[in-house]
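The values are calculated or read from the model by the stated rules, or taken from the named source; none is laboratory data. Keep in mind it's a predicted model, so treat the numbers as computed, not measured. Cβ: placed from backbone, ideal geometry, glycine included. Neighbour counts: every protein chain shown. For accessibility, only protein heavy atoms count, side chains too; no ligands or nucleic acids. Shrake-Rupley method; radii C 1.70, N 1.55, O 1.52, S 1.80 Å.
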There are 2 protein chains.
Amino acid sequence: MNLDNIRIVLVNTSHPGNIGGAARAMKNMGLRNLYLVAPHKFPHEEANWRAASAGDVLEQATVTATLPEAIADCQFVLGTSARERRIPWPLLDARGCAGEVAQRCANEQVAIVFGREDRGLTNEELQLCNLHLNIPTSADYSSLNLAMAVQIVCYEIRMVWAQGDLPVQADEQWDTPFATQENMERFYAHLEETLVALEFLDPAAPRQLMARLRRLYGRVRLDEMELNILRGILTETGKSLQRSRGDDA
Amino acid sequence: MNLDNIRIVLVNTSHPGNIGGAARAMKNMGLRNLYLVAPHKFPHEEANWRAASAGDVLEQATVTATLPEAIADCQFVLGTSARERRIPWPLLDARGCAGEVAQRCANEQVAIVFGREDRGLTNEELQLCNLHLNIPTSADYSSLNLAMAVQIVCYEIRMVWAQGDLPVQADEQWDTPFATQENMERFYAHLEETLVALEFLDPAAPRQLMARLRRLYGRVRLDEMELNILRGILTETGKSLQRSRGDDA
């Protein structure tokens, strides 16, 4: 997968802020080839401001007069589209498209084309595309901001690129080993003994107390340091109980 | 899954444009509960402008002085975080978090907390969260715009919400049935006959021509209307050939 073989093409963009926002969105996700087809205002200070540290993407952007010029050397072209079209065209959501892009961009030039803020791409422009791309939205308000659409598509490409590199377990990256079952059993024994000594647990009528505590600590998956802290508390509790009995005696 | 049980919480936002952009991003994905913790400028015309048709989300936003107030009634709280933290915390990427949110939001109040544009959330704020959320970015430029981060997270929630509702095949929604194998074989026979008549195909030395044509049309999966169009062309070609032979005779 070669992200440098992917270009983002913005057609007839009205607001320079969207060009800047798109440039930042691209660079955040590791893309850098921006093509601008007849932008209304470019270069523009609003684009620079919204690009933040992605000014280099704007500086290196290619401006063309027409869409065919911007995609002339591409082997695979995707166009963003609302879902309903008079003539259906091969259509995938952004995630499906990112999978297609990932397969192609190793050896081919890939273009992803975004239309005007108010009207998207024309039917003629969409018919230049191999595949149409749709981002699922709410029926109540389906019109995504242009830079946001670029962000989502670039993010989906990044997610494919990063696969295998991402944590799938919430506690995959941890600073202390998790407790072994053996140490957990020592802890539960220590806990039970302490609760009996505290007269919080009646061995004659234990009810579900230990089961509930096992469920609690089992669910949280204690690490060794946390286990040591809890056992330290139990040890201190035990000492304190012995002292108070010594005082009583 | 009840999207109305999810709130987006923005802490100490500096730029009102980001508040507006976040509101639009939310509404585009079907979310509407926005909480603003001590925003620098709100309400503000820049927020209204960027919200576009999501002005209602801004109007109904809840402003609080502190983060604990904004999340007081929540059972599950996620906080956005850069990936490296001194004390590791349960951490998932935006997609993993969306899965967690989907499971919880049927019956619980869920908050997703986003920090300041320049510094994110403090360690103290992050420790109020059950789970930390990280959006994968390029190491070259990892700082996402705030509204963009909100967009990606809301999009991932929408994707879970919409599962089963999305096309997984590019040609899943089509206006004409795809051709049966029987009709495809009739087409190939008609095509071969025509190519022989045209003397384009030599039956004595056919080489791989028909195999290549089968591969081409098999790959494209013709629909019945397209098949009729192609067979119409073959029929006309055949008539024209007969006429030209009639003229020759």
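Just to verify a result, which residue in the range B:223-249, among those that are modelled with pLDDT of 85 or more and among the aliphatic types (A, V, I, L, M), is nearest to residue B:180 (Cα to Cα)? Ranking the candidates gives B:227 first. Checking B:143, B:138 one by one, the residue that is open to solvent by 30 Å² or more (accessible area, probe 1.4 Å), under 30 Å from residue B:47 (Cα atoms), assigned to a loop (DSSP other than H, G, I, E, B) and within 11 Å of chain A (Cβ to nearest Cβ) is B:143 and no other.
Among the residues of the range A:186-214, the one identified as assigned to a helix (DSSP H, G or I), surrounded by fewer than 11 Cβ atoms within 10 Å (Cβ to Cβ) and among the charged types (D, E, K, R) is A:212. Give the range B:146-173 a look and list any residue that's facing another protein chain (nearest Cβ under 7 Å) and not in a loop (DSSP other than H, G, I, E, B), or say none. Passing the criteria: B:148, B:151, B:152, B:155, B:158, B:159. For the range A:118-131, the set of residues classified as more than 10 Å from chain B (Cβ to nearest Cβ) and either touching a residue at least 12 places away in the same chain (Cβ under 8 Å) or of a type in the set (A, V, I, L, M) (or both) consists of A:118, A:120, A:121, A:123, A:125, A:126, A:127, A:128, A:129, listed by residue number.
Pairs linking a residue in the range B:174-203 that is under 14 Å from residue B:238 (Cα atoms) and away from every other protein chain (no Cβ under 14 Å) to a residue that is outside any helix (DSSP H, G or I) and open to solvent by less than 30 Å² (accessible area, probe 1.4 Å), with Cβ atoms under 6 Å and 6 or more positions apart or on different chains, are B:195/B:201. Evaluate the following for residue B:97: is it touching a residue at least 12 places away in the same chain (Cβ under 8 Å), assigned to a loop (DSSP other than H, G, I, E, B), crowded, with 18+ Cβ neighbours inside 10 Å and in contact with an Asp or Glu (Cβ under 8 Å, 6 or more places away or on another chain)? Spelling it out, it is not the case that residue B:97 is touching a residue at least 12 places away in the same chain (Cβ under 8 Å), assigned to a loop (DSSP other than H, G, I, E, B), crowded, with 18+ Cβ neighbours inside 10 Å and in contact with an Asp or Glu (Cβ under 8 Å, 6 or more places away or on another chain). Restricting attention to the range B:100-111, the residues that are open to solvent by 20 Å² or more (accessible area, probe 1.4 Å) and part of a loop (DSSP other than H, G, I, E, B) add up to 4.
In the range B:37-56 there is at least one residue matching the filter, namely being within 19 Å of residue B:148 (Cα to Cα), assigned to a strand (DSSP E or B) and away from chain A (no Cβ under 14 Å).
Each row is one residue, and each column tells you yes or no for (1) β-branched (Val, Ile, Thr); (2) out of contact with any strand residue (DSSP E or B) (no Cβ under 6 Å at 6 or more places or on another chain); (3) open to solvent by less than 30 Å² (accessible area, probe 1.4 Å).
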position: A:113; (1), (2), (3): yes, no, yes
position: A:124; (1), (2), (3): no, yes, no
position: A:132; (1), (2), (3): no, no, yes
position: A:147; (1), (2), (3): no, yes, yes
position: A:151; (1), (2), (3): no, yes, yes
position: A:154; (1), (2), (3): no, yes, yes
position: A:175; (1), (2), (3): no, yes, no
position: A:179; (1), (2), (3): no, yes, yes
position: A:182; (1), (2), (3): no, yes, no
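The residue pairs whose first member lies in the range A:132-143 and is within 17 Å of residue B:22 (Cβ to Cβ), whose second member is among the basic types (Lys, Arg) and surrounded by 19 or more Cβ atoms within 10 Å (Cβ to Cβ), and whose beta carbons are closer than 6 Å, counting only pairs six or more residues apart or on different chains, are A:141/B:27.
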